[in-house]
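Presented below is the structure to which this report refers.
The values are calculated or read from the model by the stated rules, or taken from the named source; none is laboratory data. Everything numeric here is computed off the predicted structure, so don't read it as measured data. Neighbour counts are summed over all protein chains in view; Cβ atoms, including those assigned to glycine, are modelled from backbone coordinates with ideal geometry. To get the accessible areas, we keep the full protein, side chains included, count just its heavy atoms, and leave off ligands, DNA and RNA. Shrake-Rupley method; radii C 1.70, N 1.55, O 1.52, S 1.80 Å.
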Amino acid sequence: MLAFALSWYPWIIALMRGRTSGPNPLGPFIAGIIIAASVSGRSGLHEFLSRLIRWRVAVRWYVVGFATPVLTCFLAAAIIGCFARVGQVSGFSIEKLRELPERFLFILLFVGLGEEPGWRGFALPQLQTKYSPLMASLILASVWAVWHLPLFGNEFPLPIVPAFVLSLLGGTFMLTWVFNGTKGSVLLPMLFHATLNTVGAGLIFPLFSGATLVALWWIYGFLWLLAGLGTLLLSTEDRSW
């Protein structure tokens, strides 16, 4: 509730003025700090914040964090590209390619840092004390999907929303696997999230429009669902950390 309140206030204020706005992505992070300190005191807050800089993990997790989002975005684009007619797909813009490093840094420090400490750094470990990784992910994905409500109809056109929610579900499964595999690192989910948003929203999705874009989103969503559910169900990572 606190994460929603701290995130949705720009949207609510905008609606009262007859406008629209997205959520404040820093809401989950701030809520996590407040609740961790309130529930567990200084030790709990230290544990919560230490996850953000937990970088000593196996190299393969960095490969997963950077390569998986890129490969998934390009695979979805390649699949829809096989069926799209000439003129339905735009070419890559050199300017957009040049903007990717700056876009990545901005998303990492604003969206990745804002969301992942709350969802993966606080909510997920709490949920996994009572539920399996699969059930915890299903619960968290539901909350995360509703949190995006201010973006539905503007940043995410309504025809895209169902496919976006599907991709979010698959992404939640994948991020649970990454979080558990890295012994509770939030840094890796942050890098994963930032890479995905940078390549997807900054490079791939703008190449498509109309029905082709909707079809791309459905392919993208199913790819994430298959990848996320498969890795989570086949994972042998424990949660003894």
**Study point:** Hits in the stretch 51-83 - residues which are small (G, A, S), modelled with pLDDT under 95 and surrounded by fewer than 17 Cβ atoms within 10 Å (Cβ to Cβ)
**Key:** A78, G81
Check your understanding: How many residues are at pLDDT 95 or above and either open to solvent by 30 Å² or more (accessible area, probe 1.4 Å) or closer than 15 Å to R60 by Cβ (or both) when one looks only at the stretch 197-213?
Key -> 1
Point to revise | Among (1) in contact with a Ser or Thr (Cβ under 8 Å, 6 or more places away or on another chain); (2) modelled with pLDDT of 95 or more; (3) not in a helix (DSSP H, G or I), the one test that S185 misses | key: (1)
Review point. Is there a residue being of a type in the set (S, T, N, Q), over 25 Å from W224 (Cβ atoms) and within 20 Å of the chain's Cα centre (by Cα) anywhere in the stretch 65-74?
Key: no
Practice item. Please identify the pairs in which a residue from the stretch 111-140 that is within 18 Å of G228 (Cβ to Cβ) has its Cβ atom under 9 Å from the Cβ atom of a residue that is assigned to a helix (DSSP H, G or I) and among the charged types (D, E, K, R), counting only partners at least 6 apart or on another chain. Key: R120/R51; L140/R120
Point to revise | Test result for V214, β-branched (V, I, T) and more than 19 Å from W119 (Cβ to Cβ) | key: yes
Exercise for review: Would you mention how many residues in the stretch 196-228 are under 14 Å from F74 (Cβ atoms), part of a helix (DSSP H, G or I) and either among the aromatic types (F, W, Y) or touching a strand residue (DSSP E or B) at 6+ places or on another chain (Cβ under 8 Å) (or both)?
Suggested key: 5
